[in-house]
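Coordinate-derived values only; no laboratory data. Because the structure is a prediction, the values reported are computed rather than measured. As a convention, Cβ positions derive from the backbone with ideal geometry for all residues, glycine included, and neighbour counts pool all protein chains shown.
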Amino acid sequence: MRICRGAAPVRSVVGMTQTTRTAPATRAAQPPHEEPAIRFRHAAKSFGAVRAVAGIDLDVRRGETVALLGRNGAGKSTAISLLLGLDEPDAGSVRLFGEGPDRAVRAGRVGAMLQEGRAVPRITVRELVGFVARTYPAPMPVAEALELAGLTELAGRRIDRLSGGQAQRVRFAVALAGNPELIVLDEPTAALDVEARRAFWESMRGYARRGNTVLFSTHYLEEADAHADRIVVLDAGRIVADGTGEQLRRAAGGSLVSVDLAGRPTEGLGELPGVVCVEVRGDRARLRTEDPDATVVALAGLGAVRGIEVTAPSLDVAFLALTGSHTGTDSHTGTGTGTGSHTGTHAGTISAGSAR
């Protein structure tokens with residue numbers, strides 16, 4: 001049995017103050033007056049009647065690792081194309097380090113791993129990375145790029161003899177070849193198995209620890225939570241949330257309080273302080289509450305209850321609540337498998353509030 005009552009709409013966390021992880025850095029931290037690594041201002045892009053990016057505003061400070069999270073078609077890849085100068089915005093602007101994308105890319109300040117692209121098959125890993133490095137004015141030493149990408153032992157292997165995970169690390173090394181301050185990754189682990197994903201993110205962390213800036217798009221919720229300082233959620237070309245994983249969970253509409261009713265009647269649980277939704281299975285009740293402290297105190301006052309547990313909502317619940325979901329429509333959001341999982345939960349039955 002599930003009973004929900006009206007609640008405040010799910011809160012966007014756009015504009016909340018963010019903090020970044022503290023780590024050893026070889027690049028200086030961004031002074032307050034310095035231009036951010038990435039700045040979108042009212043950026044919009046349409047393809048025919050489809051509004052792929054609908055006037056987004058976003059700053060990414062130097063040294064941050066930021067995830068773009070959203071379903072397929074949310075606008076992630078289009079935003080990245082605007083960022084790299086592959087497409088021009090119909091309105092608004094995109095700046096990298098205070099200059100246009102084309103100029104920043106040509107100067108080697110930006111490296112990118114995109115979903116499409118094939119390498120020349122009959123050359124070695126070292127030869128490919130060296131060839132790309134020579135096209136930049138101040139490249140990263142080839143040996144250093146190979147080490148960061150975890151490819152030192154594979155440097156002499158031909159490209160066409162690599163596994164899928166190894167080939168993805170080669171793309172990462174190629175993106176590092178220009179010694180960029182910013183690296184942009186479009187769904188970097190979409191085709192990788194669990195072990196290959198783990199190895200890739202180990203390499204990625206080595207780059208980020210140098211004080212560099214990382215922007216990556218993903219539909220894997222746990223990747224965004226584990227590897228990003230901030231998560232920017234896109235839906236229908238708009239930013240609907242911008243914050244840490246914990247802030248997004250809180251924005252989903254409170255905490256879950258589970259309790260063993262020990263045979264106590266369920267009437268009145270929905271009227272307890274803060275409670276917006278009640279689900280009962282046997283003697284176990286789950287209460288979604290916007291004030292967990294008040295709810296727990298009220299439950300304890302009932303006397304005949306035991307086993308009270310309080311948990312934060314999961315990130316997948318927060319994602320569904322922030323982007324909205326529709327009955328009969330699957331959301332392709334990964335939860336740790338190689339292909340992503342299908343979640344069709346209706347956010348309204350969880351938060352009892354609007355997802356917009």
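Annotations
- Karplus-derived HN-Hα couplings along the stretch 261-268 (A = 6.51, B = -1.76, C = 1.60, θ = phi - 60°), whole Hz, x at Gly and Pro: 6, 6, x, 6, x, 8, 4, x
- Cα-based radius of gyration for the stretch 255-311, normalised by 2.2 N^0.38 Å, reads 0.94.
- With coordinates expressed along the principal axes, the C-alpha atoms belonging to the stretch 38-243 extend over 47, 36, 33 Å, beginning with the largest.
- Sequence-distant residues sharing a close amide H with ARG238 (under 5 Å, placed H): ALA54
- Estimated FRET transfer efficiency when R0 is 30 angstrom, pair SER258-VAL194 (beta carbons, to 0.05): 0.50
- Site pair GLU144 and GLU35 shows an inter-label distance of 2.4 nm when each label is modelled 7 Å from Cα along Cα→Cβ.
- Backbone geometry of the stretch 130-139 corresponds, through the Karplus equation with coefficients 6.51, -1.76 and 1.60 at θ = phi - 60°, to 3J(HN,Hα) couplings of x, 4, 5, 4, 5, 8, 10, x, 9, x Hz, x marking Gly and Pro.
- The stretch 95-116 versus the stretch 239-288: alpha-carbon centroid distance in Å: 45
- When each of GLU64, GLU187 is scored by the number of other beta-carbon atoms lying within 10 Å, the sequence from fewest to most is GLU187, GLU64.
- Cα centroid separation - the stretch 301-322 against the stretch 193-212, whole Å: 33
- For ASP90, the residues 5 or more places off, or on other chains, whose built amide H falls under 5 Å of its own are ALA44, LYS45, SER46.
- Each residue of the stretch 205-211 is assigned a 3J(HN,Hα), and the resulting list reads 5, x, 5, 5, 5, 7, x Hz, derived from the Karplus form 6.51 cos²θ - 1.76 cosθ + 1.60 (θ = phi - 60°), x at Gly and Pro.
- Note on VAL297 and ASN72: their simple-model spin labels are 4.9 nm apart, each label 7 Å out from Cα toward Cβ.
- Efficiency of FRET between ALA49 and GLN115 - r from beta-carbon atoms, R0 30 angstrom, step 0.05: 0.80
- Taking HIS219, HIS42 and counting other C-beta atoms within 10 Å, the order from fewest to most: HIS42, HIS219
- Overall dimensions of the stretch 50-90 by Cα: Rg and Dmax, Å: 10.9, 33
- Selection among VAL129, PRO180, THR78 by position relative to the dipole of the stretch 38-243 gives VAL129 as farthest towards the positive end (Cβ unit charges, Cα centre).
- Other residues lying with their Cβ under 9 Å from the Cβ of GLY75 contribute a combined charge of +3, Lys and Arg counting +1, Asp and Glu -1.
- Simple spin-label estimate for GLU309 and ARG103 in nanometres, 7 Å along Cα-Cβ: 5.6
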